[in-house]
Amino acid sequence: MISFSNISKQYGKQILFVDASFQLNPGEKVGLVGPNGSGKTTLFRMIVGEETADEGEVSVPRKMTVGYFRQDVEEMSGRSVLDEAIAGSGRLGDLHHELEALQNAMSDPAKADDMDRILARFGEVQEEYDHAGGYGLEAQAREVLEGLGFDEERIDGDVGALSGGWKMRVAMARVLLGRPDVLLMDEPTNHLDIESIIWLEGFLTSLPGALLMTSHDREFMNRIVTKIAEIDGGEITSYSGNYDFYERERAIRETNREAAYARQQSMLAKEQRFIDRFAAHAAKAAQVQSRVKALEKIEKIELPKKRKVVKFDFRQPPRSGDQVVVLEDISKKYGRRVVHDGLSAVIRRGERWCVMGKNGAGKTTLLKMVAGVLPPDSGDVKLGANVKLGYFAQQALDVLNPDLTIEEQLQQDFPQESIGSLRSLAGAFQFSGDDTDKKIRALSGGEKTRLVIAIMLLNPPNFLVLDEPTNHLDMATKEMLIDSLRDFEGTMLFVSHDRAFLRALSNRVIELGGESGTDAEPHLYPGSYVEYVARTGHEAPGVHT
């Protein structure tokens, strides 16, 4: 087991832990939660020995294997995706590559004089590799990589040619293949699509080892963890149950603590009135002194910290015509790969289309063609009357000026707005106080996402085209965004891997690639994502529930 005993940790004036204790037992699946900057990543780093506590003890058994998936991925090149995944998968990966090197050495005439040692070593490595189940490693690696969305061509292709998001998946495959005793995962769903998330849920649930993870995906957390560890105000508090249970239990504990605080304050006020009234009475001196000492010994109850979620009333957009966008016989291909072949559809005012489809089905391509940033090879995309389109994609972050602060960017984009209105907007997206003085170049990907969406929604268009808008958003901001968009009177077309977002906002579904995820014919469902799941029996194309 891993244990934290009375640990304290601070960076300069920032205090993360004060006499905090926590225990991760074998086989437990634990969700780690807490506000940004509360110390979740520091906790991970202490487990793997990259950080030490200022006080207290972090105990990790010496023979315990720990795998750590983190958001920053080192450079990868010079290997195939398959070899890269195997190489980083712990002891078994090391043995796999040593066997390959020894096999090459055995066929090298220049090493004939050293053949006895090479053969002896080959026998030792082969025995250990076989005993550990190594001969199934390549098949396991392919299975994991396929589960994370790689096709065969990519699996055997150059890892150096991949984008950052795909390299993140390779890094995850390496950690999963190692099958460690304890798996630490920092936001594993950030770069995954819904199919890969559902596969990962099944994989993690079946793991015999312990799991400690952070995630902003409520559904993902609910389906995997059976315990929550909350970091807040320097303490670590455990809750037995999933994320929904934690939220309910936390609210009950807050209510009870508020009631206990009120009772104690009433009692303290009563005692203080007695002390003030009789402080000068000699006959009551002993009683007064006794009560003063009793008050000094009472452990004061503090009010629970309230998570501050600022509400912002987003303005309603101008009304568009009934037909918002008409797609007529749209075709698009990349090289020989046909992504869309004669797609036709009409999106009407007030409809909220979510786009489903397996990797490579053309979800982002469709959004780009509708937004006008990518032309179709043939066919027409026609926007209707009075349509004001707003497009959000990860590339939209480039519209921010890195040299400005958050407040300066908002003032530049909305010079007619009052400072109070802009600060209220920033607060709704979790930028409060001194946060608005941060330079944009210093913001994380999640913070930039929040800022771009805030700018879009202050003066909202009547047609929102959103490509994975919840990437990197924490749960509080995500839920605030869902609440705001529920009241949005315009039209939406979006891709999302977040099932809470899909369920809350969609009233139409377009599934690209058909139900099997392989045929070219798209399917249009005239109901919500919830109805789509009920009708098809799956949460995503080709993934049966």
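The values are calculated or read from the model by the stated rules, or taken from the named source; none is laboratory data. As the structure is a prediction and not an experimental result, all values here were calculated from the model. No Cβ is skipped: glycine too gets one built from the backbone with ideal geometry, and neighbour counts run over all protein chains shown.
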Right, GLU447: at pLDDT 90 or above, over 24 Å from LYS388 (Cα atoms), of a type outside the set (S, T, N, Q) and not assigned by TED's automatic domain parsing to the domain that holds SER215 or not?
no
Of all residues making up segment 195-212, the number that are at pLDDT 95 or above and over 22 Å from GLU539 (Cα atoms)
3
Listing of strands (runs of 3 or more DSSP E) fully contained in segment 194-253 that carry 2 or more residues being in contact with a strand residue (DSSP E or B) (Cβ under 8 Å, 6 or more places away or on another chain) and among the β-branched types (Val, Ile, Thr):
227-232, 235-240
Just to be sure I understand, how many residues within segment 6-20 are more than 21 Å from VAL33 (Cβ to Cβ) and surrounded by 13 or more Cβ atoms within 10 Å (Cβ to Cβ)?
1
From the list ARG117, ARG121, which residue is surrounded by 13 or more Cβ atoms within 10 Å (Cβ to Cβ), of a type outside the set (Asp, Glu) and over 37 Å from the mean Cα position of the chain (by Cα)?
ARG121
Go through segment 54-98 residue by residue and tally those that are at pLDDT 85 or above, within 20 Å of ASP186 (Cα to Cα) and not in a helix (DSSP H, G or I).
9
Enumerate the helices (runs of 4 or more DSSP H) found wholly within segment 353-444, keeping only those where 2 or more residues are at pLDDT 90 or above and within 22 Å of GLU468 (Cα to Cα).
363-371
When you scan segment 454-477, how many residues do you find that are buried (at least 20 other Cβ atoms within 10 Å of the Cβ), under 15 Å from the mean Cα position of the chain (by Cα) and outside any loop (DSSP other than H, G, I, E, B)?
1
Criterion violated by VAL73 - all others in (1) among the hydrophobic types (A, V, I, L, M, F, W, C); (2) within 17 Å of GLY178 (Cβ to Cβ); (3) assigned by TED's automatic domain parsing to the domain that holds LEU211 satisfied:
(3)
Hey, does segment 510-518 have a residue that's within 24 Å of VAL346 (Cβ to Cβ), in the same structural domain as ASP403 (by TED's automatic domain parsing), buried (at least 18 other Cβ atoms within 10 Å of the Cβ) and among the charged types (D, E, K, R)?
yes
Condition met for LEU16 (in a helix (DSSP H, G or I) and over 23 Å from TRP166 (Cα atoms)):
no
